[in-house]
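This is the structure, below, for whatever I ask next.
Every read-out reported here was derived from the displayed coordinates using simple, explicitly stated rules and does not represent laboratory data. Predicted model only: the values in this text are computed from it and were never measured. In this analysis, Cβ positions are derived from the backbone assuming ideal geometry, glycine residues included, and neighbour counts consider all displayed protein chains.
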């Protein structure tokens, strides 16, 4: 029996993970759940899965949850940063699914590693901000970190059974988002409503905007560097609109191994939780005769400079990835609140990276300081 703590239980990854638990109740038990604001859904999850510990974003949400559950089963309720850390390191769980969005996931991830919990990682920012520190801590504590993103799960599976020295290229696929065919001239007219319409995936608002700007793929480039201990120069991004090939790995003999499946996160989530076993998810294979063709394109970095930002952050290393990530988070937040336009997201990230003096080989405090610096800088530019 595997006992789970799920941080981000009310988001798309968290709810999909709970669907998997429903399908396999004799394999998984839920010990702890955490979310930010969706208290009504969290309450329903508590009633169904009976976790012993739950966490919410602040004291007001904790009080609200306590009122909703009055007279019913009530777990221990904690809140805030310390509460998320407590949830991630809960002693009765042995796997932590980290599906929080944003930099807030870093400290809980480190806490889980220190508590020797195996991690199913869906939080991109953990490795983007502090990949070297996180992976070193995982190795020190003999903790496995398995990818939940469909692309990194695909790469992980394609690398299995092969020698690292034979790896030549990682082909990281991307759907291209809602603006793949949109002309660069018309980008200035992109509305929030347009940006929130993803052609393939159903995700939260922040991740959907990251897909529209292709920053999600930029973050995945940096993640891949740390997950698979490779140079960014071995990573190539391909636009693949059908989202059937989740990623590919090329070897020095010219062989390419691809992992394919329906554009559904459940397969990647379940594999991170059950590896090396595979669970029966009762999922249909893609209908290849109906699809007819699988196509690939080069990304347009004039339209989507986020990819260039990510490769530059990889080149500079140090605190630059944390600055890029923090600038993006605040810029996306400003766009969602309609304070800036779509193209301003790129400008704000570029300016923050340009103005930052990168610190090589930073410790955790330097990374957090750089993160806060970038957030303040973008906020001031937006005001």
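Only helical DSSP H runs with n ≥ 4 go in: add -39500 (n - 2.57) per run for the chain, normalise by residue count and round the 222 nm mean residue ellipticity to 500 deg cm²/dmol.
Calculated at 222 nm, the ellipticity per residue is -14000 deg cm²/dmol.
Which distance in nm do the two modelled labels at residue 24 and residue 369 give, with both placed 7 Å along the Cα-to-Cβ direction?
For the pair residue 24/residue 369, the computed spacing is 4.5 nm.
Also, I was wondering about something else. Express the C-alpha Rg of region 1-61 as a ratio against the empirical globular expectation 2.2 N^0.38 Å, rounded to two decimals.
So region 1-61 has a normalised radius of gyration of 1.04.
For the chain, what proportion of DSSP beta bridges, expressed in % and rounded to the nearest 5, is antiparallel?
25 percent
Determine, for 222, 291, 257, the number of other Cβ atoms within 10 Å of each Cβ, and report the residues in order from fewest to most.
291, 257, 222
Give the order of 129, 260 when sorted by the count of other beta carbons within 10 angstrom, beginning with the fewest.
Exposure proxy ranking, most exposed first: 260, 129.
Related question: Please compute the length gained on full extension between residue 184 and residue 72, using 0.36 nm multiplied by the number of residues separating them and subtracting their Cα-Cα distance.
Here the answer is 34.8 nm.
Then there is this: So how far apart, in nm, are the two label points at residue 285 and residue 114 if each is 7 Å from Cα heading toward Cβ?
Result for the modelled spin labels: 4.8 nm.
Given a 10 angstrom Cα cut-off, can you work out which residue in 215, 265, 23 is the most mobile in a GNM of the chain?
23
Okay, next question. So what's the Cα pair-distance distribution over the chain, bin width 10 Å, in %?
Result returned by the calculation: 5, 23, 33, 27, 10, 1, 0.
Among 15, 208, 301, which one shows the biggest mean-square fluctuation in a GNM of the chain, springs joining Cα atoms closer than 10 Å?
Among 15, 208, 301, the largest mean-square fluctuation in the Gaussian network model of the chain belongs to 301.
Using Cβ contacts closer than 10 Å as the measure, can you line up 125, 354, 76 from fewest to most?
Ranking 125, 354, 76 by Cβ neighbours within 10 Å, fewest first, gives 354, 76, 125.
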